[in-house]
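J.: One structure is given below, represented as structure tokens, and several questions about it will come after.
The values are calculated or read from the model by the stated rules, or taken from the named source; none is laboratory data. Since this is a predicted model, take the numbers as computed values, not measurements. No Cβ is skipped: glycine too gets one built from the backbone with ideal geometry, and neighbour counts run over all protein chains shown. Side chains are part of the model used for accessible areas, which takes the heavy atoms of the whole protein and leaves out ligands, DNA and RNA. Shrake-Rupley method; radii C 1.70, N 1.55, O 1.52, S 1.80 Å.
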Amino acid sequence: MENDNRTELAKGYEHREVEARWYPFWLERGYFHGDENDRTRPPFSIVLPPPNVTGSLHLGHALTATLQDVLIRWKRMSGFNTLWLPGTDHAGIATQMIVEKELKKTEKVSRHDLGREEFLRRVWAWKERFGSRIGEQHKALGASLDWERERFTMDERSSRAVREVFVRLHEEGLVYREKKLINWCPDCRTALSDLEVEHEEAHPGELWSFAYPLADGSGEIVVATTRPETMLGDTAVAVHPEDERYRGLVGKKVRHPLLDREIPIVADAILVDPKFGTGAVKVTPAHDFNDFEVGKRHGLEQLTVIGLDGRMTEAAGPLAGRDRFDAREEVKRLLAEKGLDRGTKPHVLPLGRCQRSQTVLEPLLSDQWYVKIEPLARPAIEAVEQGRTRFIPEQWTNTYMAWMRNIHDWCISRQLWWGHQIPAWYCPDGHVTVARETPSACATCGKGALRQDEDVLDTWFSSALWPFSTMGWPDRTKTLETFYPTSVMETGHDIIFFWVARMMMMGIHFMGEVPFRTVYLHPMVRDEKGQKMSKTKGNVIDPLVITEQYGADALRFTLAALTAQGRDIKLAKDRIEGYRAFANKLWNATRFALMNLEGHVHRDVDPTKLAMTPADRWILARTQRAVNDTLAALEGFRFNEAASTVYQFVWGELCDWYIELAKEALYGDDAGKKAAAQATLTHTLKTALLLLHPFMPFITEELWHVLRARVGADGWPDSILAARYPRAAEVDEAAERGFGPVIGVVDAIRNIRGEMNIPFKVVLEDVELGSLDAEAEATVREELGRIHRLANVKDARVLSDGAVPAKRGQSAVAVGAGFEVRVGLAGAIDLAAEAARIEKEIAKLDQDLASVGKKLENPSFVAKAPAEVVEKDRARLVELREKKHKLEAHRAMLSGSETLSTRRQSMENQNEQKPTTEESPSTPAAAVQEAAGQVQTAVAGAVEKVVATATEIAKAASSAVVSGIEGLRKEKKPARRSARKPAKKAAAKKVAAKPARGGKKVAAKKAPARKAAARGGKKAAAKRVVKAPARKTAAKKGARKAAARRGRK
RNA sequence: GGGCGGAUAGCUCAGGGGUAGAGCGUCGCCCUUACAAGGCGAGGGUCACAGGUUCGAAGCCUGUUCCGCCCA
């Protein structure tokens, strides 16, 4: 590949071909390997959140991979010793269920039929078969993972770490075994941790009441329940101690109507809410978390009536063996028969479901292993308080803290086969031996015949160790020394508790230091309708389907561009299409460069030694600005800003402006200027490729190679991966500003063309450029050739010493800050259109004048607002007035012509009748004009009306096209157009999305503003209006500039 | 019940005290020798609602209404 010396490119970008080429190239060269022995470069490490080994990646994973790869590639190119460590998770329940399902389907056997050993063999086989898929998907996405270090949560070293942790925690008393109520999934047949319970907020159910007869026959007590079947396990009835209704009953007993038992009535102020239901509560300590606590307080019996299979136990007497939901109905029926039914009413209740199977969970009493959390949580809280780990976005800090502060002990045993079997052994006498290696004798009594605990550990237990178990712990490895703590944990906010919090606890406890310095929590990826992607909804998208269709680079760029803090991502195809177009744009920009760099041997750009023009200096300054902005965004994890900065720069400045500007020199005869343009183009394109590489690794690598081959640049590494990422530096603001008038003038002429319907083909031969200060004049003169080319103008006259273009009829005029353009359209101008255009512009100026004037009129504003703000508005006022005067002069000129005067006459007649009504196009505006300082509040409303009117007139006028304009147009080619346009265009239009193309021309617009300000002697003055016509446009551009400034920080 | 987020152009979304933004879509014009996956131009918003703070609020505060998510 290094011998690839192609210097030409195909006409369009074909991602399939290009993307296939580079991953093997990178791998061969070992670029992705983190060097644990290299202590000279600063380390930067990330561990990839391990996906489920039997699953396949979805778009959430693609987002993870993208953002992490952006960070890793950026840091790698910036001189860091990077490690990005891949791996997969054994995903206990999920994997076991998948394999069980498959076995049932294909072999009609259950895991119990096969036995534990054989079943596990099958799961491993399954894992081998499908586990590689995830790796392939990551490679297709371009993820620069260090595959040499790939790990699996159940590989030998991870298992060793798991055992070590379990044993140590046990030795420290932080792991214990106890019989208590746990959430049990009768379907998965395993205990779950609190976190694996999904709470259904408002499940529609019923509250059913029945009577317990008092044992002494003196009456009854009515209780209400949502779970009648549990009454078989009731061992008390509780009332509130202060409830008058039941005061006399406390201490008495009731008789169980279905079982031969007597049950005490107890008083409990915590459990019972006297206002709920009847104020009396049945108590089932073995099947309800609240009741369990009541049972402990009152020493009640715990009677298990529902078994692990969800069926009633022997203790349920007549209902033994019945399914729990059947039993519910049967209990109701039986009690009704006995005349104890006291009615039912609808009731919404919260319901706990199994995260995995959606089965309604059953609280059951059982022996399980737990991690005592409080001693682990405390240091994990402190670490965040002290800032040793920080969350981005910051608000997740609160979520983390809140959870950590009232965390419960963690149930870590699972009744599964697939997982780390708990390293605890039981002797025949029931003593427990916990050990690293399989023991031969009981640690307590020395007896043999030990039996290992059959349960396995919660999958998250091994995941919690991931940042250090993957680096070789419990050994003290070089990898740990070099790369722990990791630099960033980047994952979805949905697993902040499951994973992030637990890694924090384990990392601090076993490594003595936090596992990561920064936690960046990305948003959730949703479908176009905003729904969470899930298998059951069937809206899961395989990233490979997208990469196949649009290219991995397009997908990656889209994901990065949509990753703004604080909102979920709704992935829309339009956006991906748009960024595919962007890739194509970059491709073609490079293609253009290659065509025009023949013979150019690139050396670092040194402006002092080359015949650089203002355009060259401008794009170099803009390039540096893009570099600075991109770096700032990356540093702050603002992926969307970084992406859009580069996008705007490449498309809006490099392609839309510089390439067009450069043609003048590239195609021209001046060897010095040509060389300067070539050097500038090369530098700018190279920088763009470098900036983009972390986001779009494939295409940038491809283009790097051809560009490198073309310009014979020795200093360029043979992979863009090994090249140095651009560094922040001071921006040449004078160069940015200085070029403004050129862009302003071109924009102004294009706008006139657009509004006057003058096709680009028609050469404008009577153009005057004036109102230029000395510097602008010099620049405009120097760049006149470029202005001619970009606006298709011939022999524009540049007026000296700030002279204003002569006022003539038959002309269109545009006034910008620091320049004025007159385009003569003798005999062909649509006077009505031009008048309307100017009218509209003036109306909008009036609106602005009114608002600024009102502000400056307000004494408190002048007194209290910061001086710069006031200054700025004053400068703005001056500028607006100046502009308005110029346009008015032009208007006066226009109104001299016959066409317009007729129209105007009628307008003014209307004005006289109702000067401030909507029919009035100009008078109220005129009233406002001179007196920005005296503008009355009342005027504002009128001005608004004027604007509306002016717009209407503009529309009316444009539709009344003067035929003369047609004469200017070249003959149309209807046959040709109709022959090929419809089909082609229709198709093309559909795919033409151009996303997030923010602020094209941002840069350009900035310049004139400042210039105007400078001229007026007011520094901050201006964001300004570059373009004369259409205030809306001007305003927009001002805002873009403001946005650009903000982005810059 | 507690907490967090959201409501900005037709759509999808940035922005976050000092002139309302982008992409897509829409409307004109154009095959201008890098790119029609393109170029040039235009139109489009009472920033959910109501109060308040402030010289100034889309932004800050309070409340309301909807929509998400998390926790109990």
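J.: Report those helices (runs of 4 or more DSSP H) wholly inside the range A:596-683 carrying at least 1 residues which are under 30 Å from A:His522 (Cβ atoms).
T.: Those helices (runs of 4 or more DSSP H) span A:614-635, A:639-647.
J.: Please indicate, with yes or no, whether at least one residue in the range A:512-523 is out of contact with any Ser or Thr (no Cβ under 7 Å at 6 or more places or on another chain), assigned to a helix (DSSP H, G or I) and touching a residue at least 12 places away in the same chain (Cβ under 8 Å).
T.: No, there is no match, as no residue in the range A:512-523 is out of contact with any Ser or Thr (no Cβ under 7 Å at 6 or more places or on another chain), assigned to a helix (DSSP H, G or I) and touching a residue at least 12 places away in the same chain (Cβ under 8 Å).
J.: Kindly list, by first and then second residue, each pair from a residue in the range A:533-548 that is among the charged types (D, E, K, R) to a residue that is modelled with pLDDT under 70, limited to pairs with Cβ atoms under 8 Å and residues at least 6 apart or on different chains.
T.: Going by the 8 Å Cβ cut-off, the qualifying pairs are A:Lys537/A:Gln531.
J.: Considering A:Gly92, A:Gly55, which residue is more than 19 Å from A:Val162 (Cβ to Cβ) and either in contact (Cβ under 8 Å) with a residue 24 or more places away in the chain or among the aliphatic types (A, V, I, L, M) (or both)?
T.: Details: A:Gly92 fails: more than 19 Å from A:Val162 (Cβ to Cβ).
A:Gly55 is the lone residue from the list that is more than 19 Å from A:Val162 (Cβ to Cβ) and either in contact (Cβ under 8 Å) with a residue 24 or more places away in the chain or among the aliphatic types (A, V, I, L, M) (or both).
J.: Also, I was wondering about something else. Name every residue in the range A:701-759 that is touching a strand residue (DSSP E or B) at 6+ places or on another chain (Cβ under 7 Å) and either more than 25 Å from A:Ala615 (Cα to Cα) or surrounded by 24 or more Cβ atoms within 10 Å (Cβ to Cβ) (or both), in order of residue number.
T.: Once the filter is applied, which keeps residues that are touching a strand residue (DSSP E or B) at 6+ places or on another chain (Cβ under 7 Å) and either more than 25 Å from A:Ala615 (Cα to Cα) or surrounded by 24 or more Cβ atoms within 10 Å (Cβ to Cβ) (or both), the range A:701-759 yields A:Pro741, A:Gly744, A:Val745, A:Ala748, A:Ile749, A:Ile752, A:Met756.
J.: Take the residues in the range A:558-579 that are over 11 Å from A:Arg526 (Cβ atoms) and of a type in the set (D, E, K, R); name whichever of them is farthest from RNA strand B (Cβ to nearest atom).
T.: Step one: list which residues in the range A:558-579 are over 11 Å from A:Arg526 (Cβ atoms), which gives A:558-561, A:563-566, A:573-579.
If we keep only those that are of a type in the set (D, E, K, R) too, we end up with A:573-575, A:577.
On the way: A:Lys573: 9, A:Asp574: 4, A:Arg575: 6, A:Glu577: 8 Å.
Ranking the candidates gives A:Lys573 first.
J.: Moving to a separate point now. From A:Ser811, A:Ser800, grab the single residue that is more than 10 Å from RNA strand B (Cβ to nearest atom), at pLDDT 80 or above, within 24 Å of A:Asn757 (Cβ to Cβ) and among the hydroxyl-bearing types (Ser, Thr, Tyr).
T.: Exactly one of A:Ser811, A:Ser800 is more than 10 Å from RNA strand B (Cβ to nearest atom), at pLDDT 80 or above, within 24 Å of A:Asn757 (Cβ to Cβ) and among the hydroxyl-bearing types (Ser, Thr, Tyr), namely A:Ser811.
J.: Let me ask another. Within the range A:195-217, how many residues turn out to be more than 30 Å from A:Trp403 (Cα to Cα) and touching a residue at least 24 places away in the same chain (Cβ under 8 Å)?
T.: Of the residues in that region, 11 qualify.
J.: A:Glu150 versus (1) under 27 Å from A:Leu57 (Cα atoms); (2) open to solvent by less than 10 Å² (accessible area, probe 1.4 Å): which is the lone unmet condition?
T.: A:Glu150 satisfies every listed condition except (2).
J.: For the range A:760-785, which residues satisfy the criterion of being surrounded by fewer than 21 Cβ atoms within 10 Å (Cβ to Cβ) and within 45 Å of the chain's Cα centre (by Cα)?
T.: Within the range A:760-785, A:Phe760, A:Lys761, A:Glu775, A:Glu782, A:Leu784, A:Gly785 meet the criteria.
J.: How many residues does the range A:419-453 hold that are more than 18 Å from A:Phe498 (Cβ to Cβ), surrounded by 20 or more Cβ atoms within 10 Å (Cβ to Cβ) and in contact (Cβ under 8 Å) with a residue 60 or more places away in the chain?
T.: 4
J.: Then there's this: Just to be sure before I move on: is A:Arg356 surrounded by 14 or more Cβ atoms within 10 Å (Cβ to Cβ) and modelled with pLDDT of 80 or more in the structure I sent?
T.: no
J.: Of all residues in the range A:580-615 being among the acidic types (Asp, Glu) and away from RNA strand B (no atom under 16 Å from the Cβ), which is nearest to A:Gly60 (Cα to Cα)? Steps first, please.
T.: First, the residues of the range A:580-615 that are among the acidic types (Asp, Glu): A:598, A:604, A:606.
Among the residues that remain, those that are also away from RNA strand B (no atom under 16 Å from the Cβ) are: A:604, A:606.
On the way: A:Asp604: 41, A:Asp606: 45 Å.
Only one residue tops the list, namely A:Asp604.
J.: In the range A:60-80, is there at least one residue being among the hydrophobic types (A, V, I, L, M, F, W, C) and without any contact (Cβ under 8 Å) to a residue 40 or more places away in the chain?
T.: yes
J.: Please indicate, with yes or no, whether at least one residue in the range A:682-697 is open to solvent by 20 Å² or more (accessible area, probe 1.4 Å) and touching a helix residue (DSSP H, G or I) at 6+ places or on another chain (Cβ under 9 Å).
T.: Scanning the range A:682-697 turns up at least one residue that is open to solvent by 20 Å² or more (accessible area, probe 1.4 Å) and touching a helix residue (DSSP H, G or I) at 6+ places or on another chain (Cβ under 9 Å).
J.: Picking from A:Leu349, A:Leu303, A:Leu308, which residue would you name as being closer than 27 Å to A:Ala191 by Cα and assigned to a strand (DSSP E or B)?
T.: None of the others qualify; the one that does is A:Leu349.
J.: Counting just the residues of the range A:714-762 that are of a type in the set (A, V, I, L, M, F, W, C) and in contact with a Gly (Cβ under 9 Å, 6 or more places away or on another chain), which one comes out nearest to RNA strand B (Cβ to nearest atom)?
T.: First, the residues of the range A:714-762 that are of a type in the set (A, V, I, L, M, F, W, C): A:716, A:720-723, A:728-729, A:731, A:734-735, A:739, A:742-743, A:745-746, A:748-749, A:752, A:756, A:758, A:760, A:762.
With in contact with a Gly (Cβ under 9 Å, 6 or more places away or on another chain) added as a condition, the list becomes A:745, A:748.
Numbers: A:Val745: 11, A:Ala748: 9 Å.
The selected residue is A:Ala748.
J.: Another one. Any residue in the range A:493-509 that is closer than 14 Å to A:Val371 by Cβ sitting within a Cβ distance under 7 Å of a residue that is of a type in the set (Ser, Thr, Tyr)? List the pairs, counting only those 6 or more apart or interchain.
T.: Within 7 Å, the pairs are A:Ala501/A:Tyr400; A:Met504/A:Thr389.
J.: Name the one entry in A:Leu877, A:Leu849, A:Leu845, A:Leu887 that is closer than 30 Å to A:Glu765 by Cβ, within 11 Å of RNA strand B (Cβ to nearest atom), buried (at least 18 other Cβ atoms within 10 Å of the Cβ) and hydrophobic (A, V, I, L, M, F, W, C).
T.: Numbers: A:Leu877 fails: closer than 30 Å to A:Glu765 by Cβ; A:Leu849 fails: closer than 30 Å to A:Glu765 by Cβ; A:Leu887 fails: within 11 Å of RNA strand B (Cβ to nearest atom).
Just one listed residue meets the conditions, A:Leu845.
J.: Please work out which one of (1) within 22 Å of A:His138 (Cβ to Cβ); (2) more than 16 Å from the chain's Cα centre (by Cα); (3) among the β-branched types (Val, Ile, Thr); (4) part of a helix (DSSP H, G or I) is the condition A:Ile576 fails and give its number.
T.: Every listed condition holds for A:Ile576 apart from (2).
J.: Any residue that is under 21 Å from A:Thr95 (Cβ atoms), within 16 Å of RNA strand B (Cβ to nearest atom), of a type outside the set (D, E, K, R) and open to solvent by 10 Å² or more (accessible area, probe 1.4 Å) - is there at least one of those in the range A:155-178?
T.: Scanning the range A:155-178 turns up no residue that is under 21 Å from A:Thr95 (Cβ atoms), within 16 Å of RNA strand B (Cβ to nearest atom), of a type outside the set (D, E, K, R) and open to solvent by 10 Å² or more (accessible area, probe 1.4 Å).
J.: Separate question: Tell me which strands (runs of 3 or more DSSP E) are completely within the range A:378-485 and hold 3 or more residues being more than 16 Å from RNA strand B (Cβ to nearest atom), or say none if there are none.
T.: A:424-426, A:432-434
J.: Go through the range A:621-644 and count every residue that is more than 10 Å from RNA strand B (Cβ to nearest atom), among the hydroxyl-bearing types (Ser, Thr, Tyr) and closer than 16 Å to A:Arg556 by Cβ.
T.: Of the residues in the range A:621-644, 1 are more than 10 Å from RNA strand B (Cβ to nearest atom), among the hydroxyl-bearing types (Ser, Thr, Tyr) and closer than 16 Å to A:Arg556 by Cβ.
J.: Tell me which of these A:Thr491 doesn't satisfy, since it passes every other one: (1) at pLDDT 90 or above; (2) over 25 Å from A:Gln565 (Cβ atoms); (3) not in a helix (DSSP H, G or I).
T.: (2)
J.: Return a yes/no flag: does the range A:786-802 have any residue that is open to solvent by 30 Å² or more (accessible area, probe 1.4 Å) and farther than 22 Å from A:Val742 by Cβ.
T.: No: the range A:786-802 contains no residue that is open to solvent by 30 Å² or more (accessible area, probe 1.4 Å) and farther than 22 Å from A:Val742 by Cβ.
J.: Considering only the range A:752-775, how many residues are farther than 17 Å from A:His788 by Cβ, of a type outside the set (D, E, K, R) and touching a residue at least 60 places away in the same chain (Cβ under 8 Å)? Break it down into steps so the answer makes sense when it comes.
T.: First pass over the range A:752-775, keeping only residues farther than 17 Å from A:His788 by Cβ: A:754-757, A:771, A:773-775.
Those still in the list that are of a type outside the set (D, E, K, R) too: A:754, A:756-757, A:771, A:774.
Subset that is touching a residue at least 60 places away in the same chain (Cβ under 8 Å): A:756-757, A:771.
Looking only at that region, the number is 3.
J.: Can you tell me which residue is nearest to A:Ser771 (Cα to Cα) among those in the range A:852-869 that are among the aliphatic types (A, V, I, L, M) and more than 8 Å from RNA strand B (Cβ to nearest atom)?
T.: So the residue we want is A:Leu856.
J.: Restricting to the range A:606-628, what's the tally of residues that are open to solvent by 20 Å² or more (accessible area, probe 1.4 Å) and modelled with pLDDT of 90 or more? Let's see the steps before the verdict.
T.: The initial filter retains those residues of the range A:606-628 that are open to solvent by 20 Å² or more (accessible area, probe 1.4 Å), namely A:606-611, A:617, A:620, A:624, A:628.
With modelled with pLDDT of 90 or more added as a condition, the list becomes A:617, A:620, A:624, A:628.
Result for the range A:606-628: 4.
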